[in-house]
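Everything on this sheet refers to the single structure shown next.
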Amino acid sequence: MGNTGPMAAPVDGSFLDKFFSVTRDMDPELIAEHFASNPAIETAHSQAASQGSTAPPSLEERVTTHFCCFVHVAGHLYELDGRKTGPVNHGVSSQETLLVDSCRVIQGFMDRDPEEHRFTIVALAAASPELATTPQTIGDVQPAPASAADQA
């Protein structure tokens with residue numbers, strides 16, 4: 001989220017707004033330390049996990065499902081997966097082809113294990129003009145203001 005710029009700006013005064021303000025000039029290692037040592041993160045995570053429709057696993061339980069994401073950085077598509085030793089470069093990409101390129105990689109995951117059905121795909125993207133009839137705030141994120149071109 002910190003790299004989305006105006007596409008998904010945090011709500012003024014929200015936790016994310018404050019976090020990004022404090023860490024704006026930090027290098028990635030310091031941002032990670034600040035994140036890991038921030039008790040508000042643990043509190044927010046616990047509150048969000050307890051609001052779901054299924055009970056969260058205990059801290060001792062072995063969990064085999066996990067979260068990964070795909071990002072465009074410097075002309076390449078990277079997979080960020082906490083279970084791997086570092087980012088995985090999946091080749092050339094662009095902001096314009098990020099979704100298609102990510103879906104290609106995800107399709108490869110699905111082809112390798114066609115019997116596995118426990119997955120969810122979520123995209124963080126700008127709203128299409130057809131769907132964006134009124135601005136809405138989702139959690140800690142507010143939509144980017146519509147440009148003059150979008151309103152024409």
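The values are calculated or read from the model by the stated rules, or taken from the named source; none is laboratory data. Just so it is clear, the structure is predicted and the values come from calculations on it, not from any experiment. Cβ placement follows ideal geometry from the backbone for every residue including glycine, while neighbour counts extend to all protein chains displayed. Accessible surface is based on the protein model in full, side chains and every heavy atom, while ligands, DNA and RNA are left aside. Shrake-Rupley method; radii C 1.70, N 1.55, O 1.52, S 1.80 Å.
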- Cα-based shape type of the stretch 1-117, given that a ≥ b ≥ c are square roots of the gyration tensor eigenvalues and the cut on a/c is 1.5: oblate
- Query: Can you give the accessible area per residue of the stretch 1-123, in Å², using a 1.4 Å probe?
  - Reply: 77 Å²
- Note on the structure: Taking placed amide H atoms and a strict 5 Å upper bound, the residues 5 or more places from SER93 or on another chain that come that close are HIS76, LEU77
- Query: Looking at the stretch 48-118, which GluC sites (Glu not before Pro) are in a loop (DSSP not H, G, I, E or B) and have at most 11 other Cβ atoms within 10 Å?
  - Reply: GLU60, GLU61, GLU96, GLU115, GLU116
- Message: Using only the heavy atoms of the protein chains and a 1.4 Å probe, how would HIS90, HIS45, HIS66 rank by accessible area, largest first?
- Response: HIS45, HIS66, HIS90
- Total formal charge among the other residues, if their Cβ is under 13 angstrom from that of ARG24, Lys/Arg +1 and Asp/Glu -1: -2
- Message: Quick query: amide H of ALA9 versus all other amide H atoms, modeled in the peptide plane; which residues come in under 5 Å with a sequence gap of 5 or more or a different chain?
- Response: GLN142, ALA144
